[in-house]
Amino acid sequence: MSSGQRVCLGAFAGAHGVKGHAKIKTFTETPEGVAAYGPVTTEDGARSFTLKIVKILTDGFVIASAPEIKSREDAQALKGVSLYVNRDVLPAPEEDEFYLDDLVGLKAVDENGAPMGVVKAVYNFGAGDVLELTKIPGVKGVRLIPFAKEAIPAVALADGRITVARDAIDLGDDEPPASED
């Protein structure tokens, strides 16, 4: 992993109140982590924000202020904008820990070592982390699988691979689904 790589810590979710405070969805271990590593920047690096947590909300949201956000309209205009820091400002993961971004690009193999594709992305739609696998032999398109011990029994960052339980992936079905006539 290169030290110049950036990691997404959260995303603006809209304005809060009339003083230019912003609601932010955090992607950090603790909600206050979105402001813990210095200024955050937009994905293109064009804008920088010095966040100060005003209030921690439930479900991974915070209310934050930033001198760069002057009004409610400014905060609302940022809705959907992701916030990044350089990877090298983050603490090193403990043994047997990793950042979810570290999974992207890893080769996937089944329990017997057979190729099962490549991790293209990691998502969280609200019910937990999900891996997107691509380049699965014999399968068109991509497959989403839960990032849970049952589906992903092992992660070997040093080896550049994850182990995927074969039954966790829908490999397709040769027969069309039965009609419900």
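The values are calculated or read from the model by the stated rules, or taken from the named source; none is laboratory data. Source: prediction; values computed, not measured. Ideal geometry is used to build each Cβ from the backbone, glycine not excepted, and the neighbour counts take in all protein chains shown.
For the range 122-129, indicate whether the set of residues that are assigned to a helix (DSSP H, G or I), closer than 18 Å to THR28 by Cβ and in contact (Cβ under 8 Å) with a residue 60 or more places away in the chain is non-empty. For the range 122-129, residues assigned to a helix (DSSP H, G or I), closer than 18 Å to THR28 by Cβ and in contact (Cβ under 8 Å) with a residue 60 or more places away in the chain: absent.
Of all residues in the range 17-29, those that are modelled with pLDDT of 90 or more and under 23 Å from PHE125 (Cβ atoms) total 5.
Per-residue answers, yes or no, for (1) under 30 Å from ALA158 (Cβ atoms); (2) surrounded by 18 or more Cβ atoms within 10 Å (Cβ to Cβ):
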site	(1), (2)
THR28	yes, yes
ASP44	no, no
GLY80	no, no
LEU90	yes, no
LEU100	yes, no
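You will find that of GLY105, GLY138, GLY80, GLY113, the residue that is farther than 30 Å from THR30 by Cβ and at pLDDT 90 or above is GLY113 and no other. Restricted to the range 124-153, and to residues there that are exposed (fewer than 13 other Cβ atoms within 10 Å of the Cβ) and of a type outside the set (Lys, Arg), the residue that is farthest from LEU103 (Cα to Cα) is GLY138. Only one of the listed residues (SER48, SER65) is over 22 Å from the mean Cα position of the chain (by Cα), at pLDDT 95 or above and polar (S, T, N, Q). That residue is SER65.
Here LYS19 clears all of (1) under 24 Å from LEU103 (Cβ atoms); (2) in a loop (DSSP other than H, G, I, E, B); (3) charged (D, E, K, R) except the condition numbered (1).
When GLY33, GLY14 are checked against the criterion of being on the phi > 0 side of the Ramachandran plot, surrounded by 14 or more Cβ atoms within 10 Å (Cβ to Cβ) and either outside the structural domain of LEU131 (by TED's automatic domain parsing) or not acidic (Asp, Glu) (or both), a single residue qualifies: GLY14. Being more than 15 Å from the chain's Cα centre (by Cα) and either without any contact (Cβ under 8 Å) to a residue 24 or more places away in the chain or surrounded by fewer than 17 Cβ atoms within 10 Å (Cβ to Cβ) (or both) is a description that applies to ASP74. Summed over the range 123-135, residues that are of a type outside the set (Ser, Thr, Tyr), modelled with pLDDT of 90 or more and more than 11 Å from VAL164 (Cβ to Cβ) total 3.
When the criteria are applied in full, VAL119 meets the requirement of being at negative phi and in a strand (DSSP E or B). Taking the range 22-57 as the range and being in contact (Cβ under 8 Å) with a residue 40 or more places away in the chain, outside any strand (DSSP E or B) and among the polar types (S, T, N, Q) as the test, only THR42 passes.
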